[in-house]
Amino acid sequence: MTLPRLAINLGKIEHNTRTLVTRLARSGISVMGVTKAVLGDPEIASALLGSGISGLGDSHIENIERMRRAGIQSEITLIRTPMLSQIDRVVRHADVSFNTELDVIAALSSAAKKANRMHGIVLMVELGDLREGIMPDDILKTVEATLGLPNIIFQGIGANLACLSGISPGDANMGALSELADSIDAKFGPITDIVSGGNSANIEWALSGADTGRINNLRLGEAILFGREALYRQPIDGLHQDAITLVAEVIEAKTKPSLPWGVIAQNAFGEIKQSSDSGPTSRAIAAIGRQDIDPAGISPPPGFKIIGTSSDHLVLDVGSDNVCVGDEITFQIDYSAFLRAMTSPFVGQVMESQANDVYSKQ
């Protein structure tokens, strides 16, 4: 079996999706399943669609094209402002896109008219995290300009928090987004169908019993895949936190001193490592490294400790365990490490539809 590999349990992902869809529906909030971390994998996308989500979202047109080639017909939204160099592809394959620039929306309009298609627009609003977004004072004139463009359908507004500056969603900023939706409808009529409040960082607020106002959609990836909210990475009750694990093979197992010897300078990554003398240590090296994963985002089995990582070696203190060359070690993995592993050509994926139903993904 492929090593190293990501073990992806579709059954657990489906459970997490259904649970979140059901809970958020009580507050009138639908779920868009975000597929960017899984590179638009059609099987995972199909698992999301079969679990009650309202549509798919991805930040890369390449991933959207991959899902379309696989025959996925559901509504798909490009959740990053389109690049001008990819406008024709966006209009061809994405039903909706998130936007902040009128020049881009005008280009989408031109491409959609040429292709005899309609394209949906969600305008992203800046609410303090200082990533993408139209300033709130400019939203009405941006809506007005968008409404004047042919082959463009204004569908609503959205916001993104916690991704760049760590600003938390709460009553104040979500209330402000709801008020903007009201102001748009007051001026132009009831045209704001979508008010997309944010991502997995919104889970705690959305499930807290707070007044969710006009917020009627969240874009969820991390909460579905890892069963955690994205502000403090705390587990969400009733969800699986182990739907995805990382498996790596041991290529060396030896007892070595705990202190290096010789003149210490920077390592391969510009770090100067500090070590303490704890005597001889039972060590194992797993065949994976920083080229494949974010080492800060993986957790070894109980009793094991990560000593360090280079580009393609992960060194472990295995304690009293009798680890041998060829053994497999399973690590818990977080969103950051998963993102890097999914984009590594050296890490395979194995899909598990049920606990004992395993098949390899080439």
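The values are calculated or read from the model by the stated rules, or taken from the named source; none is laboratory data. Note that the structure is a prediction, hence the values are computed from the model and not measured. Neighbour counts are summed over all protein chains in view; Cβ atoms, including those assigned to glycine, are modelled from backbone coordinates with ideal geometry.
Some values worked out for this structure:
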quantity: Cβ pairs under 7 Å, 6+ apart, first in region 45-70 and closer than 23 Å to V195 by Cβ, second part of a helix (DSSP H, G or I) and of a type in the set (G, A, S); calculated: L56/A45
quantity: Within region 321-341, tally of residues that are touching a helix residue (DSSP H, G or I) at 6+ places or on another chain (Cβ under 6 Å) and among the small types (G, A, S); calculated: 2
quantity: Helices (runs of 4 or more DSSP H) lying entirely in region 44-125 (those with 1 or more residues that are within 25 Å of S178 (Cα to Cα) and of a type in the set (A, V, I, L, M)); calculated: 102-114
quantity: Residues (touching a residue at least 24 places away in the same chain (Cβ under 8 Å) and more than 19 Å from V31 (Cα to Cα)) located in region 76-91; calculated: T81, P82, Q86, I87, D88, R89, V90, V91
quantity: Search result, residues across region 137-179 that are part of a helix (DSSP H, G or I) and surrounded by 17 or more Cβ atoms within 10 Å (Cβ to Cβ); calculated: I139, T142, V143, T146, N173, M174, L177, S178
quantity: Residue in region 237-249 that is assigned to a strand (DSSP E or B) and small (G, A, S) present; calculated: yes
quantity: Single match in I264, I293, I272 (criterion: touching a Leu at 6+ places or on another chain (Cβ under 8 Å) and assigned by TED's automatic domain parsing to the domain that holds F331); calculated: I293
quantity: Criterion (in a loop (DSSP other than H, G, I, E, B), at negative phi and among the polar types (S, T, N, Q)) met by exactly one of S353, S282, S276, S336; calculated: S276
quantity: L225 vs. criteria in contact with a strand residue (DSSP E or B) (Cβ under 9 Å, 6 or more places away or on another chain), crowded, with 20+ Cβ neighbours inside 10 Å and outside any strand (DSSP E or B); calculated: yes
quantity: Filter result (over 36 Å from the mean Cα position of the chain (by Cα) and either surrounded by 16 or more Cβ atoms within 10 Å (Cβ to Cβ) or more than 17 Å from G303 (Cα to Cα) (or both)) within region 267-278; calculated: S276, D277
quantity: Candidates S74, S97, S59 - the one that is under 24 Å from the mean Cα position of the chain (by Cα), buried (at least 16 other Cβ atoms within 10 Å of the Cβ), under 21 Å from I224 (Cα atoms) and of a type outside the set (K, R); calculated: S59
quantity: For E65: the one exception among (1) touching a helix residue (DSSP H, G or I) at 6+ places or on another chain (Cβ under 6 Å); (2) over 19 Å from R219 (Cβ atoms); (3) surrounded by 19 or more Cβ atoms within 10 Å (Cβ to Cβ); (4) not basic (K, R); calculated: (3)
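Table: residues versus (1) among the hydrophobic types (A, V, I, L, M, F, W, C); (2) within 30 Å of E144 (Cβ to Cβ); (3) out of contact with any Asp or Glu (no Cβ under 7 Å at 6 or more places or on another chain).
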position: E179; (1), (2), (3): no, yes, yes
position: K187; (1), (2), (3): no, yes, yes
position: I191; (1), (2), (3): yes, yes, no
position: D211; (1), (2), (3): no, yes, yes
position: P235; (1), (2), (3): no, no, yes
